[in-house]
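In what follows, a single structure is set out as structure tokens and then discussed.
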Amino acid sequence: MPNPTDDAKCKVAADWTRDLTIQGWRKWQPEMHAGSEETSRLIINLGGIDSGMRVLDLASGSGDPALSIAHVVGGEGHVIATDMSEGMLRIAQDCAEKEGLGNLSFRVADMEQLPFEDASFDRVTCRFGIMFVPDHVRAMREMLRVLKPGGKVVLVCWAHWDQPFHAGNIAIIKRGLGPAPPPGTQALTPFRFQEAGTLGTAMRQAGLENVQEQECRVPWDFPGSAKRFWEMWYDIAAPYRSIIDGLEPKEREEFVREVLEVWTPRENGPFLHLGVRIVVGVGEKA
Ligand SMILES: C[S@@+](CC[C@H](N)C(=O)[O-])C[C@H]1O[C@@H](n2cnc3c(N)ncnc32)[C@H](O)[C@@H]1O
């Protein structure tokens, strides 16, 4: 009998390895990196990441927060950026080369089965990735295994879907084109841990200690107009692009108009000021 967990994972793998997804993230890497810099900064601060540390970043995609962390740990430290999608990771690798970062290496890895030795990292980070893993507690146990005693894990997920950054999702959900993730859902959507407490509970269940979960508001300044942000959102929205592609031309026009109505008032000079609400979980290994 087919295993629904395997099916869900195959859909995630297909979304994140398809050429269109990789092309989109490659094209918009500079804007994504710049806009999300504050989120990476928060991970670095809450995780107490410092010079000389050895850090494992999971689901690094096109390189965030691994690239920012590599600057902080410096020449005495090291960062390993990992992802299940080789294509996504190649974008990160090209950026590291351009930045001349010699302390960052890359490895294709599934979070549920990490190819690293026990107790080999000071910190484990994962930004906007744990939501896509079917057995997230198993993945968190893997993080705990590879962490040195006294080390920390920092996980970042999206808070509730109804926030301006996600105007595209709001339009999809409100038009019934896709379901709103129900509370406590197991569905592998970006909003899997949107309900307060769910991320922290999973981290404790995995055996992490002194777990602190908090919702944070972080600036997300996109260097461009609302229209340009829409172009980016469409190009990188791996799980949703096919829904938008399925719209009739008139419906699509109306859809884009609705989305731009939310974003355009946030334009200010050369920037679009969005701000995001995220859930951050920090836990330790005793
Ligand atoms: C939204 S992107 C996040 C990328 C990056 N961390 C960022 O914040 O911009 C999600 C990433 O999770 C990766 N991913 C999904 N499931 C995974 C798994 N089981 N193991 C490793 N990576 C996974 C995808 O390939 C994709 O690159």
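For the reader, a short list of remarks on this structure follows.
- Within the stretch 67-84, restricting attention to residues that are part of a loop (DSSP other than H, G, I, E, B) and more than 16 Å from the ligand (Cβ to nearest atom), the residue that is surrounded by the most Cβ atoms within 10 Å (Cβ to Cβ) is Gly77.
- Among (1) away from the ligand (no atom under 16 Å from the Cβ); (2) buried (at least 22 other Cβ atoms within 10 Å of the Cβ), the one test that Phe193 misses: (1)
- Residues that are out of contact with any strand residue (DSSP E or B) (no Cβ under 8 Å at 6 or more places or on another chain) and more than 7 Å from the ligand (Cβ to nearest atom) were ranked within the stretch 129-138; the one that is nearest to Ile278 (Cα to Cα) is His136.
- Residue list for the stretch 213-266, filter: assigned to a helix (DSSP H, G or I), touching a Gly at 6+ places or on another chain (Cβ under 7 Å) and of a type outside the set (A, V, I, L, M, F, W, C): Asp235
- Count of the stretch 235-251 residues which are surrounded by 14 or more Cβ atoms within 10 Å (Cβ to Cβ) and either among the aliphatic types (A, V, I, L, M) or more than 15 Å from the ligand (Cβ to nearest atom) (or both): 6
- Looking only at residues of the stretch 1-49 that are surrounded by 15 or more Cβ atoms within 10 Å (Cβ to Cβ) and in a loop (DSSP other than H, G, I, E, B), we find that the one that is nearest to the ligand (Cβ to nearest atom) is Ser36.
- For the stretch 50-66, filtered to residues that are among the hydrophobic types (A, V, I, L, M, F, W, C) and surrounded by 24 or more Cβ atoms within 10 Å (Cβ to Cβ), the residue that is farthest from the chain's Cα centre (by Cα) is Val55.
- Within the set His166, His160, the sole residue that is more than 10 Å from the ligand (Cβ to nearest atom) and part of a helix (DSSP H, G or I) turns out to be His166.
- Pairs, first under 20 Å from Val133 (Cα atoms) and acidic (Asp, Glu) in the stretch 106-119, second part of a loop (DSSP other than H, G, I, E, B) and within 6 Å of the ligand (Cβ to nearest atom), C-beta under 8 Å, six or more apart: Asp110/Met84; Glu112/Val133
- Some residue of the stretch 96-119 being within 11 Å of the ligand (Cβ to nearest atom), at positive phi and of a type in the set (Gly, Ala, Ser): no
- Of the residues in the stretch 94-108, none is part of a loop (DSSP other than H, G, I, E, B), in contact with an Asp or Glu (Cβ under 7 Å, 6 or more places away or on another chain) and of a type in the set (Gly, Ala, Ser).
Table: residues versus (1) closer than 26 Å to His273 by Cβ; (2) of a type in the set (D, E, K, R).
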| site | (1), (2) |
| --- | --- |
| Glu117 | no, yes |
| Asp122 | no, yes |
| Arg127 | yes, yes |
| Met143 | no, no |
| Ala159 | yes, no |
| Phe191 | yes, no |
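- Where a residue in the stretch 264-286 is closer than 19 Å to Leu42 by Cβ and its partner, wherever it lies, is of a type in the set (Gly, Ala, Ser) and part of a strand (DSSP E or B), with Cβ under 8 Å and at least six apart: Glu284/Gly150; Glu284/Gly151
- Checklist (1) of a type outside the set (Phe, Trp, Tyr); (2) at pLDDT 90 or above; (3) assigned to a loop (DSSP other than H, G, I, E, B) applied to Pro182, failing item: (2)
The values are calculated or read from the model by the stated rules, or taken from the named source; none is laboratory data. Note that this is a predicted model, so its numbers are computed, not measured. Note: ideal-geometry Cβ built from the backbone for every residue, glycine included; neighbour counts use all protein chains shown.
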